[in-house]
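Each remark here refers to the structure printed beneath this line.
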Amino acid sequence: MLTALVFTPTAVALLLLALPARTPVQVPRAVWVATTAVELALVTAVWAGYGTGGGMQYEVRARWIPTAGVGYHIGVDGLSLPLLALTCVLFLACALYSLRENRRFPPYAALFLFLQTTCLGLFVSLDLILFFVFFDLSIVAMYFVIAGWGHRDAKAAALKFFLYTFLGSLALLLGFIGLYLAATPHTFDMVDLTRQNPLAGRSAHASLVLLAIVVGLAVKTPTIPFHTWLPPAHTEAPAAGSAILAGVLLKMGTYGFLRIAMPMLPDAWRRYALVLVVVGVLSVLHGALVALAQTDFKRMIAYTSVNHMGYIVLGVGAVAATADTSAQARSLAVTGSVTQMVSHGLITGALFLLAGVLYERGRTHDMGAYGGIAATAPVFAALTGAAAFASLGLPGFSGFIAEFQIFTGALGPQPLATALSVLGILLTAGLFLRALRTILMGPLRLPNASGTSHPSLTPHPSRTQRAFPDLRAHEYAGVVPLLVLAVLLGLAPRFLLDVVEPAARTILEQLAR
């Protein structure tokens, strides 16, 4: 079932590219939505069949490059299953949101379907080379999404994104080769490498390998100081591309920390955990402060991703930063980190789609060009407000559950770092409240043809509604389910935690060796 889940989108993408040029655009639109809906149904079936005892399930092993110790080995556990579900939800939301996209739609849909395969494949990979292949292919697919369907400076932003993340992937490959050479027998199999702990007692070698892997994953996450590719990539990408980039691709980095770095290099991880805590705190504060200074709505959201991913880095670092930390606190920090991955994907995905609505109406993300939109587009205003409050961790949303777990787990071992990170919530609240006041409140102000703002010259309802129409059906379909799920996880997170907690305990057992 996992193989079908991973490769079905690519098979459909090839069919879309083979369609005759005169095929009505409604056909690829329907095919894309249907495929992503089937994918969501498949991952729901996987979740329903997942055993409550935890552990790796749905495993598939096949020979691939046996002479090099490389195999086709996939499986799913409580760490990867929530990310598989998040991926399928977000790609379906983006397919629905993109139903009005008219620019070269078949290749656009095909690229997103191929990108979905790379994301799903990475989260089920249990072989380092297989992981690396999907990691690199996701970079290629996203490069073409940004360059082909982005905004004015899309090509430059896409090139910067590609160069940064590709260099990071090369560092990652060096780390993987280091693990391979240390293993006896040589292997890239994640399960075997975790069991062997091949670099135990070899601190210098383990430190170099951990450095290579952490740098490669930190670029993708991104953390300070490897984050500078992120704002231009998000700002210039199409709205659906930004939603997938923030909601799914950034999680490849933090997932790699938990799947690869922590269990395969436990001694080195414990040795340098405090460094990761510092990086996490700096990412939280820097991301929030720089976001506060932005006047571009989409760029502001991009910097909040640096802020929110910093919470995850804080959590996974605090797990091992102090030897006397209680097992419950460690488990909370890991569980909260996974919950934050899911929560951030849902909420920030919705925010980027809403930023796309803003751009589609006014052709600019400049917050100063808008004002008073709540009077003419109340649903847009309500959903934007809900997404903003969800992002700042308001109780009742999934962000609160995630951040509460991370702070509770990190407070004992790292009280100062946790206290500083809490300031990130205050800064996030300030920047979102400022954005909501600017865009939604006051007299109506809309961009003119040059992208600058002007006050509305008429209060007539019909004129103002045409000037900034409220959400359309495809925009509802893309945004509302993401926020509904964020509320569901905020009010009733048990169905997610029941899956994640056994996986968190397993990671902690591996880290304690």
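Some notes on this structure:
- Flag if residue 167 is in a helix (DSSP H, G or I) and surrounded by fewer than 19 Cβ atoms within 10 Å (Cβ to Cβ): yes
- Of all residues in segment 382-399, those satisfying the criterion of being open to solvent by less than 20 Å² (accessible area, probe 1.4 Å) and more than 19 Å from residue 426 (Cβ to Cβ) are 384, 398.
- Criterion violated by residue 233 - all others in (1) open to solvent by 10 Å² or more (accessible area, probe 1.4 Å); (2) under 30 Å from residue 422 (Cβ atoms); (3) outside any loop (DSSP other than H, G, I, E, B) satisfied: (1)
- Test: residue in segment 68-78 that is under 13 Å from residue 191 (Cβ atoms), open to solvent by 50 Å² or more (accessible area, probe 1.4 Å) and part of a strand (DSSP E or B): no
- Check on residue 21, out of contact with any Lys or Arg (no Cβ under 8 Å at 6 or more places or on another chain), in contact (Cβ under 8 Å) with a residue 12 or more places away in the chain and either farther than 30 Å from residue 503 by Cα or surrounded by 13 or more Cβ atoms within 10 Å (Cβ to Cβ) (or both): no
- Unique match (being within 17 Å of residue 499 (Cα to Cα) and in contact with a strand residue (DSSP E or B) (Cβ under 7 Å, 6 or more places away or on another chain)) among 43, 76: 76
- Some residue of segment 479-499 being β-branched (Val, Ile, Thr), open to solvent by 20 Å² or more (accessible area, probe 1.4 Å) and either in contact with a strand residue (DSSP E or B) (Cβ under 6 Å, 6 or more places away or on another chain) or at pLDDT below 95 (or both): no
- The residues in segment 108-164 that are open to solvent by less than 20 Å² (accessible area, probe 1.4 Å), over 19 Å from the mean Cα position of the chain (by Cα) and either hydroxyl-bearing (Ser, Thr, Tyr) or more than 20 Å from residue 352 (Cβ to Cβ) (or both) can be counted, and the count is 6.
- Scanning segment 94-148 for residues that are acidic (Asp, Glu) and not in a helix (DSSP H, G or I) yields 101, 127.
- When we screen 343, 326, 305, 337 for residues that are within 19 Å of residue 412 (Cα to Cα), crowded, with 24+ Cβ neighbours inside 10 Å and polar (S, T, N, Q), the only hit is 337.
- Test: residue in segment 196-209 that is in a helix (DSSP H, G or I), under 20 Å from residue 252 (Cβ atoms) and modelled with pLDDT of 95 or more: yes
- Meets criteria (over 25 Å from residue 207 (Cα atoms) and at pLDDT 95 or above) for residue 174: no
- Close Cβ contacts (under 8 Å, 6 or more residues apart or on different chains) running from residues in segment 206-220 that are within 14 Å of residue 317 (Cα to Cα) and in contact (Cβ under 8 Å) with a residue 40 or more places away in the chain to residues that are in a helix (DSSP H, G or I) and open to solvent by 10 Å² or more (accessible area, probe 1.4 Å) comprise 214/276; 218/279.
- Among residues of segment 53-68 that are under 17 Å from residue 82 (Cα atoms), those with a Cβ under 8 angstrom from a residue that is open to solvent by less than 70 Å² (accessible area, probe 1.4 Å) and acidic (Asp, Glu), sequence gap 6+ or separate chain, pair up as 54/77; 55/77; 56/77; 57/77.
- Among the residues of segment 210-230, the ones that are outside any helix (DSSP H, G or I) and under 16 Å from residue 172 (Cβ atoms) come to 5 in all.
For every residue, the table says whether it meets (1) assigned to a loop (DSSP other than H, G, I, E, B); (2) surrounded by 12 or more Cβ atoms within 10 Å (Cβ to Cβ); (3) modelled with pLDDT of 95 or more.
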{"residue": "5", "(1), (2), (3)": "no, yes, yes"}
{"residue": "13", "(1), (2), (3)": "no, yes, yes"}
{"residue": "35", "(1), (2), (3)": "no, yes, yes"}
{"residue": "43", "(1), (2), (3)": "no, yes, yes"}
{"residue": "47", "(1), (2), (3)": "no, yes, yes"}
{"residue": "54", "(1), (2), (3)": "yes, yes, no"}
{"residue": "64", "(1), (2), (3)": "no, yes, no"}
{"residue": "83", "(1), (2), (3)": "no, yes, yes"}
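- Going through (1) crowded, with 20+ Cβ neighbours inside 10 Å; (2) farther than 25 Å from residue 344 by Cβ one by one, residue 177 falls short only on (1).
- Residue within segment 126-134 that is without any contact (Cβ under 8 Å) to a residue 60 or more places away in the chain and farther than 24 Å from residue 317 by Cα present: yes
The values are calculated or read from the model by the stated rules, or taken from the named source; none is laboratory data. The structure displayed is predicted, hence computed values, not measured ones. Neighbour counts run over all protein chains shown; Cβ positions are idealised from the backbone, glycine included. Accessible surface is based on the protein model in full, side chains and every heavy atom, while ligands, DNA and RNA are left aside. Shrake-Rupley method; radii C 1.70, N 1.55, O 1.52, S 1.80 Å.
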